[in-house]
Structure formats: C-alpha cells, structure tokens
Amino acid sequence: MSADVVDFRMPSLGADMEAGTLVEWLVKPADKVKRGDIVAVVETQKGAIEVEVFEAGEVAEILVEPGARVPVGTPLARIRTSTMAEAAGERPRASPEIVAAPPGALSRPQSLSAAPAGVPRREGGRVLASPAARELARSVGVDLAAVVGSGPDGAIVREDVLRSRATSEVKKPLGLDLGVMREAIAAAMARSKREIPHYYLQHQFDVTAIETWLARTNGDRPPAERLLFAALAIKAVALAVKRFPQFNGFWREGRFEPSAAIHVGTAIAIRGGGLAAPALHDVDRLSLDELMARLRDLVQRMRAGRIRSSEIAYATITVSSLGERGVEALFGIIYPPQVALVGFGTILRRPWLVGEDVQARSVLTVTLAADHRVSDGHAGALFLAEIGKLLQEPESL
Amino acid sequence: MNDTEIRTIFLEEIGNIAPESDSRKLDPAADLREALDLDSMDFLNLMTAIHRRVGVNIPELDYPELFTLDGAIRYLANQLK
C-alpha cells in the first residue's frame, strides 16, 4: 500500500471566479474520505457550493480555516492518499486529466450558484452559515440555530440574520435567486456568442419504435421506476460521442482538449425562469435505470439549490431538451468552454413516409450547435445521424 | 377516502412540486401542466408521490385522466372505491 500526500485546492467554480471563502469544513484531520465525498462548503460571489474531493484517503492537515478568503488554486487541505483507500472508494467520477487541470481552466457558467430555501442543515451539531453571517449574528446576539438560511443547502447568509432580527413576520418560502441566475446566464451566453463560431445542424427522426418500447417498458413499472424519454436521449448522445470525440471536451487556450470521460450537462429549467446545466457523470457507463435515477436526483437537487462542485465544473457536452410541451426544435448556445450542445425538440405526431405509404408517426427533431474551431458540418452531420440511429434501437441504449 | 381527503392530498403533492402555486386559485378544470408549468419530470414525480401516498399505481396510459384537478380526484376516487 503506497501513500502520497496531495493538495485539496480551492476549485474554480465559474469563468470569472478568482477567489472563494471557505465557509465550513465537513471533515477534520484523520477523517477518511473517498472520491465524491463532500468535504467543504465554499462561498463564492454567487452563493455557497458543496465541494467534493477526488482523492481517496485520509485528511492529513487542514491548511485554511473557515472564514478565510483565498484565490482559486490555493491548497485548502492535504490528503494522504492510499491505494488501499482507493480500492475501497467509489469508482472515479471525473477523468484524471480533468481533475488535474490547472486552476481556473475549468470555467463554467455561474448559473448554478443560486440560493435555495430551507432549514439550516446541521452537520454534527454545526449550523451551515457564511462567515459574515456568523460575525453579524454574534454582534447582534442572534442565535443561528433559530435562523432559516436562504443560501445553498440552507446555509445562513448575512441577509438571513438581518431578516430574522428585523422581523418575526410570516415565513415566506425563499426560492432560488433568479436575478443572480439571470446575470450568470447572461455572462456565459454573451461570452459564448462572442467567442465561439457556432454552426447549427438539424435533422428529423422517426422515433415511433422507441416510444412504443418506452411505453411497454414503463407499463410494467410503478411510477418510481419509470423512464423518461430524456434519459434515453442523454444516453444516446453519450454513446454517440464515443464515436465522435470532437464534440466532447473543452476549447482552452487556443486548442481543443478532448475528454475521455463523458459528463453530460443537462439543461434544467428552474421554476420562475432560471436555467442551469449541471453534469451527469460518466453517462456512457450508466444503465438506463441508473441514469434515470441520477437524472431525477439531479433535477430535484438543482431545483432545491443543492448542487455539488463537480456537477458545475465538469460537463463535457450539454444536452437540452424542451420536453413534451415545448417546440419542435431548439438551437442551443454552447456553454463555454464546451464545444457542442445537442438539442431535442418535442416529439410530434406527423405524417411520414414509411416505404411508399404515408403514416402517422412520432417525429423528433434533433439539433446540433457545435464549435467550428473544432469540428465541421460534415462530422456534425454524421454525429447527428449516429444519435438518430441509436434512438431507433432502444436495445442499444 | 372521500373526495375532500383525496383533493387535500393531491394539492399537497402539487404544492411540493410547484411550491409557488396557490391552490385556492387553481381552476379545477384547467390542464395542470399548463396552469402550473409542470414538465414531464414534474408530472412523473407527482404520479410517484400519489402512488406513495394513496397506493394507486397510475399507468402512463391513464395520465391524461389526471391532467386536471377534477379529473384527478374523479380518477383516484374510482380507484380507491
């Protein structure tokens, strides 16, 4: 069993994030950690984020105390890794080359910050609160345990303390901070349109067979185990990029870096007008049932503001689907630094030629927005065709 | 279980999915998906919650009968008879 000590650093959680404040440690020295464990909460200008560790091992040393604001890339703690612990840990959730990326290189729209509603979560008796909130609570004599947090994960922020002190009026459920989210969408999309030379392709596919397959599959299942078409669409994209890697990865410092891992950013609409695209990890390796369970979990946590750092930073391609009441086609704007976005329109009943006969069939329009610095329309057309082919063979998913 | 109880449970579960909605203002004949902006994931979560709460396993083919509040109460009352 070999052991190594590695740094756990302040992650980059957005294109323009330069520094973050360590709000809270959820581990202490000598604690065992495994890949994917949430070890710290970091507050950025856009809200608090749960930060995961990508090493398995033991916490050797805490280097930064709660309350400290440090630049992206600053070592926060040291982790003693071990091959033993590794073997006991979970399957890797992010590809090594992505984890090892230089600080600041992983930029993502800051749309995931957001402030959720909720009760303060207590970890071992501690209340989740920002340093500013703690300081204020101390100075004005407010008991944090009695304050309802509006930060992610129910973390208490300064405003919550002020509100709690000022009034004891009707509790109003707080939603995500849609104003902040709108600003983040604006920044990311403006950057995309400014920097990425998009090209767009569109194709229609007859998906009657997969609809029938889905109805039959779900027919035997209780609601909790049913699949949605969105899960099939996401899986088809993940399998298709295995054959077309030029659509999966990042444009950084003037060149394309393909990603071995396939993490699909999934556009999720937030009630009231927000949008975020957190990542589902290693989609190509998940069964449809696993993928559907992850998707349900992700949508629920996203809407409640409980999102993890890896889900923000590591999407390698994005899928956007307008669902059953949307429009026929959508032309996406790529999330920088990704290089492609696949859009699924609403499945519509349409007249369609089957052989020489016109029949009523279920027709789906799939679109591709891709970065012309990385790929060309010809490859894009083949990529779209591959997605369509996979969607016509549900057994292959 | 009477209609009032079913209605209360159904509205509670809608409240969990669309917390900002005001059930008092909900038109019982309106399509819930339109009125409350429910997507397919929301609707599946609603069906899952109803299954858990009252034990009725609603097949996909019957979903359209539950697109309105009135329809949902009628459907569940029939199933729970």
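Identify, by number, the condition in (1) over 16 Å from the mean Cα position of the chain (by Cα); (2) touching a residue at least 12 places away in the same chain (Cβ under 8 Å); (3) outside any strand (DSSP E or B) that A:I262 doesn't meet.
Against the list (1) over 16 Å from the mean Cα position of the chain (by Cα); (2) touching a residue at least 12 places away in the same chain (Cβ under 8 Å); (3) outside any strand (DSSP E or B), A:I262 comes up short only on (1).
Yes or no: A:A215 touching a residue at least 60 places away in the same chain (Cβ under 8 Å) and of a type in the set (A, V, I, L, M, F, W, C)?
Considered against the rule, which asks whether it is touching a residue at least 60 places away in the same chain (Cβ under 8 Å) and of a type in the set (A, V, I, L, M, F, W, C), A:A215 comes out as no.
Is at least one residue of the range A:321-341 under 23 Å from A:P394 (Cα atoms), part of a strand (DSSP E or B) and more than 14 Å from chain B (Cβ to nearest Cβ)?
yes
Can you tell me which condition B:A72 does not meet? The list is (1) surrounded by 18 or more Cβ atoms within 10 Å (Cβ to Cβ); (2) within 12 Å of another protein chain (Cβ to nearest Cβ), and all the others hold.
(2)
Can you pull out every residue in the range B:38-58 that is surrounded by fewer than 18 Cβ atoms within 10 Å (Cβ to Cβ) and either in contact (Cβ under 8 Å) with a residue 60 or more places away in the chain or at the interface with chain A (Cβ under 7 Å from one of its Cβ atoms) (or both)?
B:S40, B:H51, B:N57
Is it the case that the range B:7-26 has a residue that's in contact (Cβ under 8 Å) with a residue 12 or more places away in the chain, in contact with a Gly (Cβ under 9 Å, 6 or more places away or on another chain) and not aliphatic (A, V, I, L, M)?
The answer is yes, given that some residue of the range B:7-26 is in contact (Cβ under 8 Å) with a residue 12 or more places away in the chain, in contact with a Gly (Cβ under 9 Å, 6 or more places away or on another chain) and not aliphatic (A, V, I, L, M).
Tell me whether the range A:248-269 contains one or more residues that are surrounded by fewer than 17 Cβ atoms within 10 Å (Cβ to Cβ) and closer than 26 Å to A:T365 by Cβ.
No, every residue in the range A:248-269 fails to be surrounded by fewer than 17 Cβ atoms within 10 Å (Cβ to Cβ) and closer than 26 Å to A:T365 by Cβ.
Mind telling me which of the residues A:R306, A:R325 ends up being closer than 30 Å to A:D153 by Cα and basic (K, R)?
Just a single option satisfies the conditions, and that option is A:R306.
Among the residues of the range A:218-247, how many are outside any loop (DSSP other than H, G, I, E, B), surrounded by 14 or more Cβ atoms within 10 Å (Cβ to Cβ) and in contact (Cβ under 8 Å) with a residue 24 or more places away in the chain?
Qualifying residue count for the region: 15.
Tally up the residues in the range A:280-315 that are touching a residue at least 24 places away in the same chain (Cβ under 8 Å) and among the acidic types (D, E), please.
4
The numbers here are math on the coordinates, done by the rules we state, and not lab data. Bear in mind that the values here come from a model prediction, so they are computed numbers and not experimental data. With ideal geometry, Cβ positions are generated from the backbone for all residues, glycine too; neighbour counts draw on all protein chains shown.
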